[in-house]
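*Asks:* Please read through the structure below; I'll follow up with questions.
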Amino acid sequence: MRLLNNVAVFITLAVSYNLINGVCGQFHLGPNAFITLGAYTAALLTMAPAEKAVNFLITPLYWPLSQLSLPFPLALLAGGLVAALFGFLTGFPVFRVRGDYLAIVTLGFGEVVRVLANNLQGLTNGPLGLKGLHPYTNLWWSWGVAVAAVAFIAALVRSDYGRALKAIRDDETAARAMGVDTFRHLLLAYILSAFFFGVGGGLLAHLITTISPSLFTFFLTFNLLIIIVVGGLGSITGAVVSAAFFTLAGEWLRVVEEPQVLLGLHIPGIPGMRMVIFSLLLLLVIIYFRRGLLGGREFTWESFKRLLGRFRNYHAS
């Protein structure tokens, strides 16, 4: 059950990240910032005042957060809205630059949020983090949000707005010459992805029930980047499949880090070997699948029917 919840949460995060990096073609390296904002906002709003008093022993939590408590759906929505608000505020300086400079700016924003979360003890409890969160995240919530995020972003990509985003990705100068307001389109996509990052962060917080700044390092962004690159930049289907594969494989490959006895030989566990295997898989994908496993292809019912027809014909013959 926990693995299925993890898969759903990372599908939400990967599809949201793919909207900016894949569909818009902007090298964004700061999703961990918005996930942090959503996680802490949702966590603080669902905790009861007594639970907050137990957590904030060194520095009391700021009022009115110390007395405010909301139902999980409202807290989850608030997490998304807070992340979207910061997406709006940071979008103006972020989209003044492009390419590697945009990556550096967004990476810096992610580190600023993490450092602030580590030092604002009256708001985040600093490095001690928040413990004892109620495990509200279940299959209904995690998969409901995942399906909603995939459906919304897929509809957005197929719309005129989505075609404008793809035009910006392919040639921003030509898109601007055709009358596309590139800044407004990119800013709105950035805010939408930030909203889903915040919601995903809230789900993640109430799944693991304990959060701290060390959970939201650049390593989280790096994992999401691997997922969308392997799946295929711009492919929503690829992001979904790759998120499911990497989340499950991350658990299944724990066996390589544990001591094993193979054919009478004792093989010691090697900590970190999972990431070595992931790195090798990424190298293979980059070498043999330049556009990812699915490239720009998407799942459609027509393609599914054709595949089903081929399967039936194969068995009939």
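The values are calculated or read from the model by the stated rules, or taken from the named source; none is laboratory data. Treat the numbers as computed from the prediction; the structure is a model and nothing was measured. Neighbour counts are summed over all protein chains in view; Cβ atoms, including those assigned to glycine, are modelled from backbone coordinates with ideal geometry.
*Asks:* Of everything in the range 142-184, what is hydrophobic (A, V, I, L, M, F, W, C) and either farther than 18 Å from S235 by Cβ or exposed (fewer than 13 other Cβ atoms within 10 Å of the Cβ) (or both)? Give them in sequence order.
*Replies:* Narrowing the range 142-184 to residues hydrophobic (A, V, I, L, M, F, W, C): 143, 145-157, 164-165, 167-168, 174-175, 177-178, 180, 183.
Listed by number, the residues that qualify are W143, V145, A148, A151, A155, A164, A174, A175, A177, M178, V180, F183.
*Asks:* Another question about this same structure. Looking only at helices (runs of 4 or more DSSP H) that lie completely in the range 202-296, which have at least 2 residues being farther than 25 Å from T36 by Cβ? Give the derivation first.
*Replies:* Working: elements: 218-231, 236-252, 273-288.
Here the list reads 236-252, 273-288.
*Asks:* Still on this structure, please answer the following. Being buried (at least 22 other Cβ atoms within 10 Å of the Cβ) and either of a type in the set (V, I, T) or out of contact with any Gly (no Cβ under 7 Å at 6 or more places or on another chain) (or both) is the filter here, so list the residues in the range 230-245 that pass it. Break it down stepwise before answering.
*Replies:* Taking the range 230-245 and keeping what is buried (at least 22 other Cβ atoms within 10 Å of the Cβ), we get 230-232, 234-236, 238-240, 242-243.
Those that are buried (at least 22 other Cβ atoms within 10 Å of the Cβ) and either of a type in the set (V, I, T) or out of contact with any Gly (no Cβ under 7 Å at 6 or more places or on another chain) (or both): V230, I236, V240, A243.
*Asks:* When you scan the range 188-195, do you find a residue that is in contact with a Pro (Cβ under 6 Å, 6 or more places away or on another chain) and part of a helix (DSSP H, G or I), even just one?
*Replies:* Initial filter on the range 188-195 (in contact with a Pro (Cβ under 6 Å, 6 or more places away or on another chain)): none.
No, the range 188-195 contains no residue that is in contact with a Pro (Cβ under 6 Å, 6 or more places away or on another chain) and part of a helix (DSSP H, G or I).
*Asks:* Test each condition in (1) under 16 Å from the mean Cα position of the chain (by Cα); (2) closer than 22 Å to A148 by Cβ; (3) of a type outside the set (F, W, Y); (4) surrounded by fewer than 24 Cβ atoms within 10 Å (Cβ to Cβ) for L29 and report the one that comes out false.
*Replies:* Evaluating L29 over (1) under 16 Å from the mean Cα position of the chain (by Cα); (2) closer than 22 Å to A148 by Cβ; (3) of a type outside the set (F, W, Y); (4) surrounded by fewer than 24 Cβ atoms within 10 Å (Cβ to Cβ) leaves (2) as the failure.
*Asks:* Go through (1) closer than 26 Å to L293 by Cα; (2) at pLDDT below 90; (3) of a type in the set (G, A, S) one by one and return the number of the condition A154 breaks.
*Replies:* Here A154 clears every test but (2).
*Asks:* In addition: Report yes if some residue within the range 72-90 is buried (at least 20 other Cβ atoms within 10 Å of the Cβ) and under 19 Å from G25 (Cα atoms); otherwise report no.
*Replies:* Yes, some residue in the range 72-90 is buried (at least 20 other Cβ atoms within 10 Å of the Cβ) and under 19 Å from G25 (Cα atoms).
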